[in-house]
Amino acid sequence: MTADRAEEERTGRVFLTRVIEPGDDVGGRWLRLFGVPEVVRRLREGGDPLPGVNGTRWRGLLARAARAEPEADLAAAREAGARFVCPGDTEWPAQLDDLGDGRPVGLWVRGRPGLRMWALRSVAVVGARACTEYGAHVAATLAAGLAERGWVVVSGGAYGVDGAAHRGALAADGATVAVLASGVDQAYPRGHAALIDRIAQQGLVIGELPPGDHPTPSRFIVRNRVIAALTRGTVVVEAACRSGSLATARAAQRLGRFTMGVPGPVTSGRSTGVHELLRGEAVLVTDAADVVELVGGIGELAPPRRGPVLPRDLLDPDAATVLAALPAARTAGPEEIAREARTTREEAVARLYELRALGYVERHDDGWKLTRQAMLPVRKDPHPS
């Protein structure tokens, strides 16, 4: 492609971000079948509708096209410290092409790092806006752990879990990306203006809508497909059954990405959606190590989880058998102990002297009794796993 043709393609895509709504499969099909220049020409000149839309919708698109000013949008983006990235650019994340005709026409990107490289090692952390303290804590801790392991945390910049995830990554001096349902120069929600500015300074703020555009309910939903496609996997921390974050998880499943959920209290309505995910194909995770084991490379395994090692766990098996044969609350003779341990009297006595040296038993005349040291672990953990 010549430089002039590439510039025409780029300017055309900037124009189309004003005309075609994000996630519009019909518009994406036009670009695939006819190419950007032809679609732009038809929208600018009017005439018969392109296939797949009726006359009413076509007139609406033409009205949008009449107001589109790509040069003004590019100038506004430059003023906001943003750039336009589109398919064919070296910075374009190829995994977004998995969205097919629904892939973004292009992305407005605010921040210094390269989007393509960051997206290669990224995980989405999403969840309820009205999250609990538990949800905010889990999201922040999880994001910080991922950031410390060199993973980019992607979320939507919203209140609740999204904001906690971004803050957790930033607190760990890590990388984070906010995918907005508005123009990247428009902080939404307003209460997160400082947070979004900080993300733009330390990470990336991206979106499909041109500068100055504001979100609508439908744009939040279609935005979620970008979060799902951009990342290796999606973690849902808290979500009710009608939570928008479940749309991200479902998009991730459709795209073949990993889908994970952090369980919450079974009495919490804010975790019912996560629990439904976990009853399906989602994987239960509790920390960053669990997530990395799933989305990371070979050998990036979560450490095994086990209870504390007690001193008696290190006993020789024969000595442990004799120790277990002693009654809990009384003295026993060597014959009784040998019988319960299924060994000889001589072997039992030898092991009892060994256990006395270690502080587990004490001798009372001709009998033997457990010490307090031997009893404490049993009292602390009456039902060992």
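Reported count of residues in segment 277-289, each being buried (at least 16 other Cβ atoms within 10 Å of the Cβ), part of a helix (DSSP H, G or I) and more than 11 Å from the chain's Cα centre (by Cα), is 3.
When G207, G156 are checked against the criterion of being in contact with a Phe, Trp or Tyr (Cβ under 6 Å, 6 or more places away or on another chain), farther than 18 Å from A289 by Cα and surrounded by 23 or more Cβ atoms within 10 Å (Cβ to Cβ), G207 stands alone in meeting it. Listed by first and then second residue, the pairs with beta-carbon distance under 9 Å, at least 6 apart or on different chains, first residue in segment 362-379 and within 14 Å of A324 (Cα to Cα) and part of a loop (DSSP other than H, G, I, E, B), second modelled with pLDDT of 90 or more and open to solvent by 30 Å² or more (accessible area, probe 1.4 Å), are T371/R356; T371/E362. The numbered conditions (1) outside the structural domain of V236 (by the TED database); (2) open to solvent by less than 30 Å² (accessible area, probe 1.4 Å) are all true for G81 except (2). The numbered conditions (1) surrounded by 17 or more Cβ atoms within 10 Å (Cβ to Cβ); (2) out of contact with any helix residue (DSSP H, G or I) (no Cβ under 7 Å at 6 or more places or on another chain) are all true for R59 except (1). For segment 248-263, residues that are outside any loop (DSSP other than H, G, I, E, B) and open to solvent by less than 20 Å² (accessible area, probe 1.4 Å) total 7. Condition check for A68 on (1) open to solvent by 60 Å² or more (accessible area, probe 1.4 Å); (2) without any contact (Cβ under 8 Å) to a residue 60 or more places away in the chain: one failure, at (1).
Pairs only if they're at least six apart or on different chains, beta carbon under 9 angstrom, first in segment 97-112 and of a type in the set (D, E), second not in a helix (DSSP H, G or I); list them, first residue then second. These pairs meet every condition: D97/P87; D97/R103; D98/L255; D98/G256; D98/R257; D101/D24. Right, A140: part of a loop (DSSP other than H, G, I, E, B), aliphatic (A, V, I, L, M) and at pLDDT 95 or above or not? Answer is no for this residue.
Residue-level analysis places G163 among those that are open to solvent by less than 50 Å² (accessible area, probe 1.4 Å), more than 21 Å from R232 (Cβ to Cβ) and either at pLDDT 95 or above or hydroxyl-bearing (S, T, Y) (or both). Of everything in segment 308-320 that is in a helix (DSSP H, G or I) and surrounded by fewer than 17 Cβ atoms within 10 Å (Cβ to Cβ), the residue that is modelled with the lowest pLDDT is P311. In segment 257-274, the residue that is farthest from V161 (Cα to Cα) out of those that are without any contact (Cβ under 8 Å) to a residue 24 or more places away in the chain and not aliphatic (A, V, I, L, M) is T267. Taking residues in segment 337-358 that are not assigned by the TED database to the domain that holds T321, and partners anywhere that are assigned to a helix (DSSP H, G or I), not one pair has Cβ atoms closer than 9 Å while being at least 6 places apart or on different chains. Could you tell me whether segment 190-200 includes any residue that is over 17 Å from the mean Cα position of the chain (by Cα) and in a loop (DSSP other than H, G, I, E, B)? No, segment 190-200 contains no residue that is over 17 Å from the mean Cα position of the chain (by Cα) and in a loop (DSSP other than H, G, I, E, B).
Exactly one residue among A144, A178, A128 is over 22 Å from R242 (Cβ atoms) and crowded, with 23+ Cβ neighbours inside 10 Å, and that residue is A178.
Does segment 212-247 hold any residues that are open to solvent by 10 Å² or more (accessible area, probe 1.4 Å) and not in a helix (DSSP H, G or I), and which are they? Across segment 212-247, the qualifying residues are G212, D213, H214, P215, T216, R232, A240, C241, R242, S243, G244.
Checking the structure you have, find out if any residue of segment 19-28 is outside the structural domain of T216 (by the TED database), of a type in the set (A, V, I, L, M) and either closer than 24 Å to V184 by Cβ or surrounded by 20 or more Cβ atoms within 10 Å (Cβ to Cβ) (or both).
yes
G183: touching a Lys or Arg at 6+ places or on another chain (Cβ under 9 Å) and open to solvent by less than 30 Å² (accessible area, probe 1.4 Å), yes or no? Don't jump to the end; show me each part of the working.
Values: touching a Lys or Arg at 6+ places or on another chain (Cβ under 9 Å): no; open to solvent by less than 30 Å² (accessible area, probe 1.4 Å): yes.
Taking the combined requirement at face value, the residue does not satisfy it.
Taken together, the residues in segment 87-103 that are open to solvent by less than 50 Å² (accessible area, probe 1.4 Å) and within 25 Å of R250 (Cα to Cα) amount to 9.
The values are calculated or read from the model by the stated rules, or taken from the named source; none is laboratory data. What you are looking at is a predicted structure, and each value in this text was computed from that prediction instead of being measured. Neighbour counts are summed over all protein chains in view; Cβ atoms, including those assigned to glycine, are modelled from backbone coordinates with ideal geometry. Calculation scope for accessible area: heavy atoms of the full protein, side chains included, ligands and nucleic acids excluded. Shrake-Rupley method; radii C 1.70, N 1.55, O 1.52, S 1.80 Å.
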